[in-house]
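Accompanying notes for the structure given below.
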Amino acid sequence: MSAWGVFQAHYEQTQLRSSSPSAIAWIGSIQQSFLYIPTLLSTRLMDRGYFRSMITSASIVFVISIVLVAECRVYWQFLICQGVCTGIAAGVFTGPVTAIISQWFHQNRGLALGVFAAGASIGGITFSLAAKMLIPLIGFSWTMRAIALIIALALILGNLTLRQREASSIVNEPPLDLSPLRSKTFLLYCTASFFVYLGYYTFTTYVAASAITVGVSTGFSFYLVSICNASSGLSRTMSGIIADKIGAMNLMIPVTAISTVIYYIWPFVHSQHGLVVLCVFYGISIGPFASLVSVPVLDLGEKDQVGRRIGILMSISGTAMLVGAPVSGALSKISGPHAMGFYAGKCHF
């Protein structure tokens with residue numbers, strides 16, 4: 001999912017070139033939003049004792065969905081397989097796994113979540129480079145099958161090692177409980193996260209495609225997504241260490257301000273070197289938010305409600321992801337890249 005920008009650029013040039021960038025972006029935004037939206041339900045099901053069955057089922061569906069992407073030929077097929085199916089499968093285990101990490105690490109929790117979040121960057125680098133190198137050699141279909149094999153091996157390892165530490169005592173409560181939103185502090189935090197996520201994936205979704213339009217070679221443009229993921233992975237890990245010392249919010253606020261500035265600068269950068277620098281700093285600035293966004297939630301209520309608070313936060317954030325990138329693409333088509341950059345920047349601001 002962190003490598004979606006590569007697929008966005010590839011589809012615009014090949015299989016889906018008859019579709020608009022905004023329409024193609026719906027595939028990625030649905031995938032990314034469903035990574036978060038189902039967590040409201042999946043974390044509650046985890047509390048009811050369905051953790052193991054959920055993780056196993058979601059892993060199987062995820063791998064099968066990636067294999068099916070290799071067989072897709074038209075837009076609606078990509079939308080269902082790569083957008084809906086992979087997104088829902090990933091969303092089923094994202095919330096519970098995040099909650100489990102919080103259960104096991106009471107000290108250095110920020111570092112633990114930072115290392116966990118850095119995995120997304122490693123995946124983004126791996127699959128971006130795999131797509132760039134393998135598609136010209138073996139074609140799109142076999143590239144997706146190779147990616148599915150890598151994912152299957154990783155998921156097998158995860159299924160064998162994940163363990164739930166604390167059994168919940170709220171099994172008799174309804175599966176959907178929005179009572180944490182009665183807290184004004186938690187509601188305000190969810191609202192702020194919603195707006196940040198409206199613009200969060202705009203840069204990584206369109207940076208490769210926009211680089212091609214300003215004269216950067218197609219081959220090099222794919223590396224821009226990997227550069228974002230590499231710098232983001234480093235900052236996600238380091239941000240956990242820093243957050244354990246100064247507090248998550250004290251770090252998230254300034255780095256989000258930096259990403260706002262980068263969005264305003266982006267439309268005016270037209271050189272390859274300038275885009276590389278921008279990708280490095282953008283990755284550094286968004287990494288801490290991705291790894292630490294759930295940390296403040298842990299202290300905004302009772303400990304036995306951690307799972308549901310994380311689920312609510314992720315579901316709200318996922319709703320923003322669903323519309324964020326397509327809206328950016330539509331604005332770019334109607335008013336140019338400046339409108340896209342300013343829109344995402346205002347969301348972060």
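From the list Y264, Y200, pick out the single residue that is closer than 18 Å to G324 by Cβ, crowded, with 19+ Cβ neighbours inside 10 Å and in contact with a Phe, Trp or Tyr (Cβ under 9 Å, 6 or more places away or on another chain). Selected residue: Y200, the only one of Y264, Y200 that is closer than 18 Å to G324 by Cβ, crowded, with 19+ Cβ neighbours inside 10 Å and in contact with a Phe, Trp or Tyr (Cβ under 9 Å, 6 or more places away or on another chain).
The one condition from (1) modelled with pLDDT of 80 or more; (2) within 14 Å of the chain's Cα centre (by Cα) that S291 does not meet is (1). Counting the residues of the stretch 57-76 that are of a type outside the set (V, I, T) and either in contact with a strand residue (DSSP E or B) (Cβ under 7 Å, 6 or more places away or on another chain) or not in a helix (DSSP H, G or I) (or both) gives 4.
Here are V74, V84, V61: which of them is touching a Cys at 6+ places or on another chain (Cβ under 7 Å) and of a type in the set (A, V, I, L, M)?
V61
Which of the numbered conditions does W76 fail, given that it passes all the others? Conditions: (1) in contact with a helix residue (DSSP H, G or I) (Cβ under 8 Å, 6 or more places away or on another chain); (2) hydrophobic (A, V, I, L, M, F, W, C); (3) closer than 23 Å to I147 by Cβ. For W76, the exception is condition (1).
Matching residues to (1) out of contact with any helix residue (DSSP H, G or I) (no Cβ under 6 Å at 6 or more places or on another chain); (2) modelled with pLDDT under 85; (3) not in a helix (DSSP H, G or I):
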site	(1), (2), (3)
F195	no, no, no
V207	no, yes, no
G215	yes, yes, yes
N229	no, yes, no
T237	no, yes, no
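Of the residues Q31, Q82, Q8, Q15, the single one that is at negative phi and either among the acidic types (D, E) or more than 21 Å from the chain's Cα centre (by Cα) (or both) is Q15. If you go through the stretch 98-110 and pick out every residue that is part of a helix (DSSP H, G or I) and either within 13 Å of the chain's Cα centre (by Cα) or surrounded by fewer than 20 Cβ atoms within 10 Å (Cβ to Cβ) (or both), you end up with 3. Selection of the stretch 13-51 for residues being surrounded by fewer than 21 Cβ atoms within 10 Å (Cβ to Cβ), of a type outside the set (A, V, I, L, M, F, W, C) and out of contact with any Phe, Trp or Tyr (no Cβ under 6 Å at 6 or more places or on another chain) yields Q13, T14, Q15, R17, S18, S20, S22, R48, G49, Y50.
The values are calculated or read from the model by the stated rules, or taken from the named source; none is laboratory data. Note that the structure is predicted; figures quoted are calculated from it, not measured. Quick reminder, even Gly has a Cβ in these numbers, built from the backbone with ideal geometry, and neighbours come from all protein chains shown.
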